[in-house]
1. Please give every one of the lysines within straight-line cross-link reach of Lys187, meaning a C-alpha to C-alpha distance under 23 Å, and leave out same-chain neighbours fewer than 8 residues apart.
2. At most 15 other Cβ atoms within 10 Å and a DSSP loop assignment: could you name the trypsin sites (Lys or Arg not before Pro) in region 148-218 that fit?
3. Once amide H atoms are placed 1.01 Å from N in the peptide plane, what residues at a sequence separation of 5 or more from Ala77, or on another chain, have their amide H within under 5 Å of its amide H?
4. Sort 105-112, 207-214, 41-48 by packing, meaning the average of other beta carbons within 10 Å per residue, with the highest value first.
5. Which of Ser99, Ser126, Ser191 ends up with the largest GNM mean-square fluctuation for the chain, with Cα atoms connected below 10 Å?
6. FRET efficiency for Val30 and Ala192, Cβ-Cβ distance as r, R0 = 30 Å, nearest 0.05?
7. Per DSSP helix of 4 or more residues, -39500 (n - 2.57); summed, then divided by the residues of the chain. What does that give at 222 nm, rounded to the nearest 500?
8. With volume of the Cα convex hull per residue in Å³ defined as stated, name the option among [x] 114; [y] 138; [z] 104 computed from the structure displayed.
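Throughout, read-outs are computed from the coordinates displayed, never taken from laboratory work. Keep in mind that what you see is a predicted model, and the values were worked out from it rather than measured. All Cβ positions, glycine included, derive from the backbone under ideal geometry; neighbour counts span all protein chains shown.
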Amino acid sequence: MIKVLLIDDEALVRAGIRAILGAAEDIEVVAEAGDGREALALARAHRPDVTLLDIRMPLLDGLGAAAELRRTVPDTAVVMLTTFSEDEYITGALDSGASGFLLKSGDPYELMAAVRAVHGGASFLSPRIAHRVIQQLSGGRMSRRTAARERIDKLTPRERDVLALVGAGLSNAEIGERLFLVEGTVKAYVSAVLGRLDVRNRVQAAVVAYEAGLVAEQ
C-alpha cells in the first residue's frame, strides 16, 4: 500500500480527495490535517510515502511545509495541490522540493497517477502545468541549451543516460529495466546526478535534461 498524508485547509476538499484515493486498491490515506504545521507533526509520526499539500494554508503554507518535509522527512514525496496556476506558485513548488504539481480542477485520475508516479521515484506535472513549464523553457532556448550542456559535461556517460531517462519521466524501476541495472543502483546514480547538477529534485533535473536536448535523444 502507498501511504498518503492529505493536507488541505478545506474539509470538503479533503473529503473529495480521500474519496477519490479510496477507490484505489493500492493507496491508503493514513492521516489528514488542515494546516502546514500539523502536516509536519503527522509526517514525522506516520512516515507517509506521499504527502499531498495544498499551497495556501494557515499557520504554515504548503511551500514552507514542503521545504521542511524535504529536510526532516526526506523519504516522503510531495505533490502540491492548488487552484492557482500562476508561474510563481509553480516555481515555488519546484524550488521547495516537490516532486509533483496538480491543479484541483484537473482530472481525478491525475491524482492517482501522480501518487503512483512520485512513489515510484518519478515526477508528475498535470498537463496544464507541464504546458506552462515548456512554454517557459521555450524562451531563450539557445542560451538555456548552451548553459545546460555545460552543466551536463561534468556527468559520466552512464549518469547522462540516467538523466535523460529521468527527463523522459521514467521511474527508478523503469530506468533500471532500460539500462539493465538494479533499482538500488539507479537510485544511487540519480542521487549522484542531482548532486553534480546542484539541483534539489528530479523535476529540476528533468528541466536540465530537457534544456540540454537529452530528452529528444531518447
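1. Those lysines meeting the cut-off are Lys3, Lys154.
2. On the way: sites: Arg149, Arg151, Lys154, Arg158, Arg160, Arg178, Lys187, Arg196, Arg200, Arg202; in loops: Lys154, Arg200.
Filter output for region 148-218: Lys154.
3. Residues meeting the amide H criterion: Val50, Thr51.
4. Taking the mean over residues of other Cβ atoms within 10 Å, the ranking is 207-214, 41-48, 105-112.
5. Ser191
6. Between Val30 and Ala192 the formula returns 0.40.
7. Working: 11 runs with 124 residues, N = 218.
One gets -17500 deg cm²/dmol as the mean residue ellipticity at 222 nm.
8. Evaluating volume of the Cα convex hull per residue in Å³ on these atoms matches [x].
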